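The values are calculated or read from the model by the stated rules, or taken from the named source; none is laboratory data. Computed from a predicted model, the values in this text were never measured in an experiment. Because the Cβ atoms are built from the backbone with ideal geometry, glycine has one as well, and the counts that use them run over all protein chains shown.
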């Protein structure tokens, strides 16, 4: 540890770092931080060892005011400078774990701790959980009247001049690489102003940290260019929404256990049963992986949205897809999550659901290899294919009934999460929208 801290101190001196951001996320996955000005070189060692006290009652879903003292402890593995901040008197950050005031007991409301607990369980069984997310986002501008509009009219894989995001994505990729991201691909997505930048598979905790950094970095970098970014799942009526497909695999001793070269599909029993767990618990998972009222405006038929609870080999119309590439790259892709989710909670819940499938040998049935988007509801019912919740209200009721997914969150996070979601739904359902005025005002 002391060697690691020494390397960090040297890097901070080299970069002229003046401020240290201690970062964490709230229950929604929204980044929060405190900035500490550095007065001396050894100060960072004290911060890493002892942490920093803060008021947990000021963060939604954390602590009550009568027991609100919490401690942020930086994880040295998450050190990085922030390329969008000034070079002079620069800024670095650490992602922190949260402890109670004794400095020894993990705070059970910390989303990062929720994922740590889930990972520890599978590590005891000899597994390592690896994740590769595909977060989509919109780059937005304003017209002369101040209306929010996409910054271009590009479509899937378009190039300039139709795609006006080429130079923006180029800058984003370079700055993300400065943050140690291993970028796999970037491109324009289906909808006007919509983009995707994918980064490679990695261990789940590191990947969850990366998703938070990714969203924060993109917003900051694009803001400096005079535009702004949204990870809202469905910002525009009539256009495709933004998803964050989660590709995942389990490994043992460095070998991908989802791969079995001796089966017709080259999929192991673990892969099949993990898929069965995802399908069985998919309705409850949607509350965590698609956690906003707006998420269910994306999860509707007709916009490439994965609303049908089935799995397929290469089939992009099903909820779970197993891509064609096998061997070390064998993975199971869950297509319902969107980028508004808290990645720590989402990865933990998805992992627990999949592991329940392995533990109880849940059979997902035969793969669905037809385009389910083209089937009627009657035909789908005859095929035994159910659908995801169509609203946040349905989703959180499904979560209430699912003990496996509930337990993945822990009692503190589950109770706080549900209280927030109940309030969000109540706030939403009493609103009156322009659609209703247009349709019913003359009734």
Are any of the residues in segment 186-195 assigned by TED's automatic domain parsing to the domain that holds residue 341 and closer than 30 Å to residue 118 by Cα? no
If residue 327 satisfies every condition in (1) within 30 Å of residue 31 (Cβ to Cβ); (2) surrounded by fewer than 15 Cβ atoms within 10 Å (Cβ to Cβ) but one, which is the exception? (1)
It is to be established whether one or more residues within segment 111-124 are outside any helix (DSSP H, G or I) and farther than 27 Å from residue 418 by Cα. no
Got a number for residues in segment 183-206 being at pLDDT below 85 and within 19 Å of residue 80 (Cβ to Cβ)? 2
Conditions (1) at pLDDT below 90; (2) in a strand (DSSP E or B); number of the one not met by residue 217: (2)
Of the candidates 209, 163, the one satisfying the condition of being in a loop (DSSP other than H, G, I, E, B) and either modelled with pLDDT of 90 or more or buried (at least 20 other Cβ atoms within 10 Å of the Cβ) (or both) is 163
(1) buried (at least 20 other Cβ atoms within 10 Å of the Cβ); (2) not in a loop (DSSP other than H, G, I, E, B) all hold for residue 336 apart from (2)
When you go through 225, 174 one by one, which is the residue that is without any contact (Cβ under 8 Å) to a residue 12 or more places away in the chain, in the same structural domain as residue 297 (by TED's automatic domain parsing) and surrounded by fewer than 16 Cβ atoms within 10 Å (Cβ to Cβ)? 174
Failed condition for residue 85, given (1) within 26 Å of residue 217 (Cα to Cα); (2) touching a strand residue (DSSP E or B) at 6+ places or on another chain (Cβ under 6 Å); (3) modelled with pLDDT of 90 or more; (4) not in a strand (DSSP E or B), with all others met? (3)
So which of 51, 16 is at positive phi and free of Cβ contacts under 8 Å to residues at least 60 places away in the same chain? 51
